[in-house]
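Novice: Below is a structure I'd like to ask you about.
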Amino acid sequence: MAEKQGREPECPVCWNPFNNTFHTPKVLDCCHSFCVECLAHLSLVAPARRRLLCPLCRQPTVLASGQPVTDLPTDTAVLTLLRLEPHHVILEGRQLCLKDEPKSRYFLRQPRAYTLELGPGPGSQTGPPQDVAPTTIPSPIPIPNHDSLRGCFRNPQFRIFAYLLAVLLSVTLLLIFSIFWTKQFFGGVG
């Protein structure tokens, strides 16, 4: 969507400003852009799972079999305007997931994953929605991952750190045992 009078570009459905996380602008076949969260909600309630109707012009966008809305093209013009790099957001069931990779190679930081729950399953809500806090501002929740530990051991900086820590621990233990042994040896002679 075009920038309006000095304001940041925003999703025309939820009116949240676009960003490079859960409000990443995605382009439909009609060239209208919406945030990935709104499109994910739309895809979960759409009667035809493979077909999204544009909320503005109602032109259908047909998704390939098994293709989630997160695979739609990103509106890179909007992200360039905002000076942001795109992140890869995926849709798993009723959750949007974002894996935050550390940019610096000098720090030993594990990647973090953030999720955004898209709400209850179909048919579980009765009546009109109550006044609740919006779910558009995700709270980052790290997801433990067994592959992250395996990936950590593959990191050369982590290996160097682990080896230095092992050497330091070994030298410390050797020093403690040598002091204890010399105290017993010399303490028993005198």
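The values are calculated or read from the model by the stated rules, or taken from the named source; none is laboratory data. The structure displayed is predicted, hence computed values, not measured ones. Cβ sites come from the backbone with ideal geometry, for glycine too, and all protein chains shown count toward neighbours. When the accessible area is computed, the model is the full protein with side chains, heavy atoms only, and any ligands, DNA or RNA have been set aside. Shrake-Rupley method; radii C 1.70, N 1.55, O 1.52, S 1.80 Å.
Novice: Order K26, K183, most accessible first, counting only protein heavy atoms with a 1.4 angstrom probe.
Specialist: The ranking, largest first, comes out as K183, K26.
Novice: Taking H placed 1.01 Å from N in the peptide plane, check which residues at least 5 places from D75 or on another chain put their amide H under 5 Å from its amide H.
Specialist: Correct list: K26, V27.
Novice: Using amide H atoms built 1.01 Å from N in the peptide plane, name the residues 5+ places from E10, or on other chains, whose amide H lies under 5 Å from its own.
Specialist: Residues meeting the amide H criterion: F18.
Novice: If you don't mind, there's one more thing I want to ask. Which cross-chain or sequence-distant (5 or more) residues have an amide H under 5 Å from the amide H of T61, H modelled 1.01 Å from N in plane?
Specialist: L52, L53, C54
Novice: While we're here: Would you please put 69-79, 157-167 in order of how densely packed they are, using the mean number of other Cβ atoms within 10 angstrom per residue and starting with the highest?
Specialist: Highest mean packing first, the order is 69-79, 157-167.
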